[in-house]
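Presented below is the structure to which this report refers.
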Amino acid sequence: MGGIFLFFAACFVAALFVEWMPSDPEIAGGFGYTVDPLYSFIYWTSVFFFIVVGLLMFVFAALGRQRKHERNEVRHGATHNTLLEIGWTTPPLILVLAFFLLGFRGYLDMVTIPGGAGGAYLVDVEAYQWGWQFTYPNGGVNSGGANQVVLDVPAGRPVRFRLSSRDVLHSLYLPDQRIKKDCVPGRYNEMWIEVPVSDQIQPGGVYKDFALRCTEYCGQQHSQMNGILRVWHPDDWAAREEAINTWNKPEADGSRMSPVELGKYVWEQSGGCVSCHSIDGSSGTGPSWKNLYSPGGGDHEHPGIDEIDEAYILESIYYPGNYIVPGYPNQMASYAGQLNYGDVLAVDAFIRSISEGFPEDQIRKE
Ligand code: CUA
């Protein structure tokens, strides 16, 4: 019997460990205050009954061994026991009703936007293999995948997401807000959050980042469909919204910037690549981009690189420390999170376009 109690003690310790593992550490403006207590309630109820049922099983097994001689006796007269049956039916019924009522209350919170759907800030979310595209009311777009994409939202007001998918099932999961919902091709789903303004979200560009995940297995690069939920102070939001819009600004005729134009735009932004990288061959803090794609690879050595390509440009922007051009200090900070994959491809197209002798038809047009 000692072994059995040891076994259950071990189960109990494991249960404590699972419950208190710091998996979803923060509750930030979502449904944690209803989801977490309900989760704990169901969890501990399960642990309790696991132990009770397990112990009873061993007790009856032990009793059965002691009464071997009665094994073949058939007991007569045991048809039913009303009191016993009420006793084992009512408590589970009450428990299940409690699960339902608490869950239903949380569900109502999740589907009821304070002030109505019309008063919430609407972001369109389109999932695809393997990334996200977020479209804002002013037409601005954030898109990308590969753990880089950013979902910018304002703090202090309800933000509503209209979810759909371009191809297969995905699911948008915001763990710190304790909410997720499927992105289904051919239909819309909705969910909403409201992240309160806090000490960590302040005017002047002090934003707070949270995790964003795809939580529906959607193919080979499902694990790359992570991103960042970035929450801005309400005072900063208008400027941020405008920046997102400018980044992918539609031209007057309705078409968007070509990759080369967007790449040039990214380069020449104040505080952008232009602060360190010239395009005319002159020296800066970093190597010039002039003729990088020309036969011979421009004016610089690129140790460890056989061929300049998109992957090299992307890695140099996201992981600058991995590729150091001799003669230049390694001062560049990663631009992961600031430039999405589309921006990087645009920068790449721009660099190609300013390389003498680089074939025109190998410059990205779309
Ligand atoms: Cu998209 Cu998993």
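Please state which of the following conditions SER165 fails to meet, knowing it meets all the rest: (1) within 12 Å of the ligand (Cβ to nearest atom); (2) crowded, with 18+ Cβ neighbours inside 10 Å; (3) modelled with pLDDT under 90; (4) over 16 Å from ASN340 (Cβ atoms).
(3)
Filtering region 168-178 down to residues that are within 12 Å of the ligand (Cβ to nearest atom) and within 12 Å of the chain's Cα centre (by Cα), which residue is surrounded by the fewest Cβ atoms within 10 Å (Cβ to Cβ)? Steps first, answer last, please.
Filtering region 168-178 for residues within 12 Å of the ligand (Cβ to nearest atom) gives 168-173.
Keeping just the survivors that are within 12 Å of the chain's Cα centre (by Cα) gives 170-173.
Values: HIS170: 30, SER171: 20, LEU172: 26, TYR173: 18.
Only one residue fits best here, namely TYR173.
Please indicate, with yes or no, whether at least one residue in region 192-214 is of a type in the set (Asp, Glu), away from the ligand (no atom under 13 Å from the Cβ) and in a loop (DSSP other than H, G, I, E, B). Let's see the steps before the verdict.
Pass one, region 192-214, residues of a type in the set (Asp, Glu): 194, 199, 209.
Still in the running and away from the ligand (no atom under 13 Å from the Cβ): 194, 199, 209.
Next, only the ones that are in a loop (DSSP other than H, G, I, E, B) stay: 194, 199.
The answer is yes, given that some residue of region 192-214 is of a type in the set (Asp, Glu), away from the ligand (no atom under 13 Å from the Cβ) and in a loop (DSSP other than H, G, I, E, B).
Is it true that PRO91 is exposed (fewer than 12 other Cβ atoms within 10 Å of the Cβ), closer than 22 Å to GLY342 by Cβ and away from the ligand (no atom under 16 Å from the Cβ)? Spell out how you get there, then give the answer.
Values: exposed (fewer than 12 other Cβ atoms within 10 Å of the Cβ): yes; closer than 22 Å to GLY342 by Cβ: no; away from the ligand (no atom under 16 Å from the Cβ): yes.
Against the criterion (exposed (fewer than 12 other Cβ atoms within 10 Å of the Cβ), closer than 22 Å to GLY342 by Cβ and away from the ligand (no atom under 16 Å from the Cβ)), PRO91 does not qualify.
Quick check on my filter: what residues within region 262-296 are surrounded by fewer than 16 Cβ atoms within 10 Å (Cβ to Cβ), at pLDDT 75 or above and either charged (D, E, K, R) or within 19 Å of PRO359 (Cα to Cα) (or both)?
GLU268, ASP280, PRO295
Under the condition of being part of a strand (DSSP E or B), in contact (Cβ under 8 Å) with a residue 60 or more places away in the chain and within 16 Å of the ligand (Cβ to nearest atom), which residue from region 98-153 is surrounded by the fewest Cβ atoms within 10 Å (Cβ to Cβ)? So that I can check it myself, show each step before the final result.
Taking region 98-153 and keeping what is part of a strand (DSSP E or B), we get 121-128, 131-135, 141-145, 150-153.
Filter once more, so that each one left must be in contact (Cβ under 8 Å) with a residue 60 or more places away in the chain: 127, 131-132, 141-145, 150-153.
If we keep only those that are within 16 Å of the ligand (Cβ to nearest atom) too, we end up with 127, 131-132, 143-145, 151.
On the way: ALA127: 27, GLY131: 24, TRP132: 24, SER143: 18, GLY144: 20, GLY145: 21, LEU151: 20.
So, considering only residues that are part of a strand (DSSP E or B), in contact (Cβ under 8 Å) with a residue 60 or more places away in the chain and within 16 Å of the ligand (Cβ to nearest atom), the one surrounded by the fewest Cβ atoms within 10 Å (Cβ to Cβ) is SER143.
The values are calculated or read from the model by the stated rules, or taken from the named source; none is laboratory data. These figures come from a predicted structure and were not determined experimentally. All Cβ positions, even for glycine, are placed from backbone atoms using ideal geometry, and neighbour counts span all protein chains on display.
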